[in-house]
Each structure stands twice: as C-alpha cells, then as structure tokens.
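What follows is a short report on a single structure.
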Amino acid sequence: MRNRGFTLAELLVAMTIGAILLAQAAPGLVRHRGEAALRTAASQTLAALQLARRLALARGQSVTVCPSADGAACGFGGSTWLLFANAPGGTDGHREAADELLQSWEVPAGILVTGTRGYAAFQPQAGTATTVTFQFCHRAVPGEAVSIVISQTGRPRVTRSTSGATCQTG
C-alpha cells in the first residue's frame, strides 16, 4: 500500500513559492494600510471639527480641537487629539482644569500631523474661527498627504495632495 501525502521536498517548494508571493504582495499591503490610516485620521478629525463648530454655537462658548502630547497643551508631536469646551477666561490653545473634555481620540499609528497652528478654536459667534490647516501624512505613503483646511468662517474642508507632498510645519 502506497502512502499518499507530500514529501518534504514538495512541502519546501510549496512554502518557497508562497514566501515569494507574499514578499511580492507585502509592499502593496503596507501602502494600502497607510492609505487607510490617512483616511481614518482625516475622517475622525473632520468629524470632530464639524462637531466643535456646532457645539460652539449651541453652547455659547469657545470650543477647541487640537493634537496634544500631554492631554493639556495643544501642539504637534502627540497622537492624542482633544475636543474641549473652554471655560470663561481660559485660553484656546491649552486645556485647563475648568475646561470640559468633550471627546478624545488617537490617530492611527504611523500618522504624522503638522499644520499652520497647533489648534482650531471655534467661537460662539457664527462665522468666527481660527484659520488653520492640519496636514496628515503616513510614512508608508510617501508623496501623499491629506489636509483639512478650516476657513475663517469655521468651515472645514478636506484636500488631498498626491504630487510629492511632504508634511512640513507651515
């Protein structure tokens, strides 16, 4: 009776072919994950900016959205983002003890965020906001960036750049 199965040599050849195919596909998978991370970071931030704009008008107080490394000071360098309502007499670019934290989230791993200012503050009067641009890049997607531009009226919009974009502080 003959034993039906694979020989060690056949198994090694099949594993080698599989490894070669996986090595060919890996760069595309890494790029795909980077593109998904860019979309996620921009979508989360855009939603928070739109919410902040509405809350500032509804609550009658300044509302800030910003990246933060320490959970208090706004500025680039951390992966945590904050959405908070500013207490009367507080500053827009720093979350103080009296400021109500409305939301916080983490941007996906590998995302680099830069921009023209470390925070976006929405005021309780219609059409008053800080003009700011946040730019999101990922190391797996060189030359591509997603930017969120907030106009003076407080309207955020998303722009994409695929022509050699680099994340730089402006």
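Using θ = phi - 60° and the Karplus form 6.51 cos²θ - 1.76 cosθ + 1.60, what ³J(HN,Hα) does each residue of region 50-61 get, whole Hz, x for Gly and Pro?
Whole-Hz 3J(HN,Hα) from phi for region 50-61: 5, 5, 4, 4, 5, 5, 4, 6, 5, 8, x, 9.
Where does the charge balance sit around Arg155 when Lys and Arg score +1, Asp and Glu -1, over other residues with C-beta under 14 Å from its C-beta?
+3
Tally Lys and Arg at +1 and Asp and Glu at -1 over the other residues with C-beta under 13 Å from the C-beta of Glu144: what net charge comes out?
Counting the neighbours of Glu144, the net charge comes to +3.
Hey, can you find the accessible area per residue of region 2-133 for me, probe 1.4 Å, expressed in square angstrom? Mind dumping the intermediate values first?
Details: 7500 Å² over 132 residues.
Per-residue value: 57 Å².
What's the FRET efficiency of Leu51 with Arg139 using the Cβ-Cβ distance as r and R₀ = 35 Å, to the nearest 0.05?
For R0 = 35 Å, the calculated efficiency reads 0.75.
Apply the Karplus curve 6.51 cos²θ - 1.76 cosθ + 1.60, θ = phi - 60°, to the phi angles in region 148-155 and return the couplings in whole Hz, x for Gly and Pro.
10, 10, 9, 7, 5, 7, x, 7
Select one label from (1) 1.00; (2) 1.26; (3) 1.06: the one whose number is Rg/Rh (Cα atoms, Kirkwood Rh) as derived from the coordinates shown.
(2)
Between Gln152 and His32, what FRET efficiency follows from the Cβ-Cβ distance if R0 is 45 Å, with the result rounded to 0.05?
0.80
Calculate what fraction, in whole %, of the accessible area of region 37-78 sits on carbon and sulfur atoms when a 1.4 Å probe is rolled over the protein chains.
Working: 890 of 1720 Å².
Ligands and nucleic acids excluded, carbon and sulfur reach 52 percent.
What spacing in nm lies between the two simple spin-label points modelled at Thr16 and Arg59, each 7 Å away from Cα in the Cβ direction?
Placing both labels 7 Å beyond Cα along the Cβ direction yields 6.4 nm.
At 7 Å along the Cα-to-beta-carbon direction for both Glu106 and Ala23, put a label point, then send me their distance in nm to one decimal.
3.3
The values are calculated or read from the model by the stated rules, or taken from the named source; none is laboratory data. Note that the coordinates shown come from a computational prediction; the quantities given were computed from them, not determined experimentally. Don't worry about glycine lacking a Cβ; one is built from the backbone with ideal geometry, like all the others, and counts go over all protein chains shown. Ligands, DNA and RNA are stripped out before the accessible areas are found, and what is left, the full protein with its side chains, is counted by its heavy atoms. Shrake-Rupley method; radii C 1.70, N 1.55, O 1.52, S 1.80 Å.
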